[in-house]
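Novice: I have a structure here, written as structure tokens, and I will follow up with some questions on it.
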Amino acid sequence: MASMSGQVTRRISASPDRVFKALADPSRRRILDILSREELPLKRIQQRFQLSRPALIKHIWILKSCSLVRVRRAGRLIYHRLNSRPLRTVEQWMAKYEVFWGDHLGRLKHQAESEK
Amino acid sequence: MKSIRKELIINAPVAKVWAHLIDPARIAGWLMPNTFDPRPGKAFRMDCGTEGTIEGVVREIVPLKKLVYSWTSKHLKIETLVTVTLKPEKGKTRLILVHSGWEALPPSEEGLGAPFDQGWNACLKRLGEQVSLEGTP
């Protein structure tokens, strides 16, 4: 997914503590799972839950405050999506770069071998 | 020590492969647009699309043999190290790339300089797995 430059305000902090607390709640984990598949406005998230709107808004606020959820505005709707960056582990970074170097070194090989 | 290691044989002489490692125009062909300057201490940028801009500094150059530079970005935050070595092998070139320094990664990317903590990462990983397991099929 395209990465937006984050809305970095003093209240948003993906510190380990905040992320951990955000993930500790099963409703919030369920929200993240839903948002990992598609971007949704609040109404649609609520349709998949037996949660009151105020409770949902509170959970979303907690997730946004540690960057696990990002939003974008499209007209009158606000779409929410999962931002998995705070969850990324060393293993995920390295897996990403394993693929990255495999791909690019392949191109280097092809390029060097093709050059007259 | 955590590092990524890639090794391959390129069917071209070392001098040719070396040119592709240090010439910005050639680097743009197999890696990305860049401002690479193959001199020790020189900083450069690489335009990485989804990962944003990579910033690096050339640490060591041994012509035709070894190239070492630092590698970091706004998302990655820590400074990792890329080491490329070339060895001639019967008219071909054996290239080894090692990307190291991953131990320095904090538990959360936007963590406030928190030290790397194995226990924390394991926890997050378990929670991450839990998120995917709890989803409706």
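The values are calculated or read from the model by the stated rules, or taken from the named source; none is laboratory data. In this text the structure is predicted, and so the values were computed from the model without any measurement. No Cβ is skipped: glycine too gets one built from the backbone with ideal geometry, and neighbour counts run over all protein chains shown. Areas reflect the complete protein model, heavy atoms only, side chains present, ligands, DNA and RNA absent. Shrake-Rupley method; radii C 1.70, N 1.55, O 1.52, S 1.80 Å.
Novice: Where in the range B:1-85 are there strands (runs of 3 or more DSSP E), lying fully within it, with 2 or more residues that are open to solvent by 40 Å² or more (accessible area, probe 1.4 Å) and closer than 20 Å to B:TRP102 by Cα? Even if it seems obvious, please write down each step before you answer.
Specialist: Numbers: elements: B:3-10, B:43-47, B:53-62, B:66-73.
Correct list: B:3-10, B:53-62.
Novice: Let me ask something else about it. Out of the range A:26-43, which residues are more than 14 Å from chain B (Cβ to nearest Cβ) and in a helix (DSSP H, G or I)?
Specialist: The answer is A:LEU42, A:LYS43.
Novice: Looking at the range A:75-82, is at least one residue open to solvent by less than 70 Å² (accessible area, probe 1.4 Å) and within 30 Å of B:GLY91 (Cα to Cα)? Lay out the reasoning, then the answer.
Specialist: From the range A:75-82, those open to solvent by less than 70 Å² (accessible area, probe 1.4 Å) are A:75, A:78-82; that's our starting set.
If we keep only those that are within 30 Å of B:GLY91 (Cα to Cα) too, we end up with none.
No, the conditions are met nowhere in the range A:75-82.
Novice: Find the residue count for the range B:86-96, including only residues that are surrounded by 18 or more Cβ atoms within 10 Å (Cβ to Cβ) and either touching a Ser or Thr at 6+ places or on another chain (Cβ under 7 Å) or of a type in the set (S, T, N, Q) (or both).
Specialist: Of the residues in the range B:86-96, the ones surrounded by 18 or more Cβ atoms within 10 Å (Cβ to Cβ) are B:86, B:93, B:95.
The next check asks that each one be either touching a Ser or Thr at 6+ places or on another chain (Cβ under 7 Å) or of a type in the set (S, T, N, Q) (or both); those that pass are B:86, B:93.
Residues in the range B:86-96 being surrounded by 18 or more Cβ atoms within 10 Å (Cβ to Cβ) and either touching a Ser or Thr at 6+ places or on another chain (Cβ under 7 Å) or of a type in the set (S, T, N, Q) (or both): 2 in total.
Novice: Condition first: more than 7 Å from chain B (Cβ to nearest Cβ), part of a helix (DSSP H, G or I) and touching a Lys or Arg at 6+ places or on another chain (Cβ under 8 Å). Now tell me which residues in the range A:61-90 satisfy that. Let's see the steps before the verdict.
Specialist: Step one: list which residues in the range A:61-90 are more than 7 Å from chain B (Cβ to nearest Cβ), which gives A:61-66, A:68-84.
Add one more test, that the residue is part of a helix (DSSP H, G or I), and what stays is A:61-65.
Within the range A:61-90, A:ILE62, A:LEU63, A:LYS64, A:SER65 meet the criteria.
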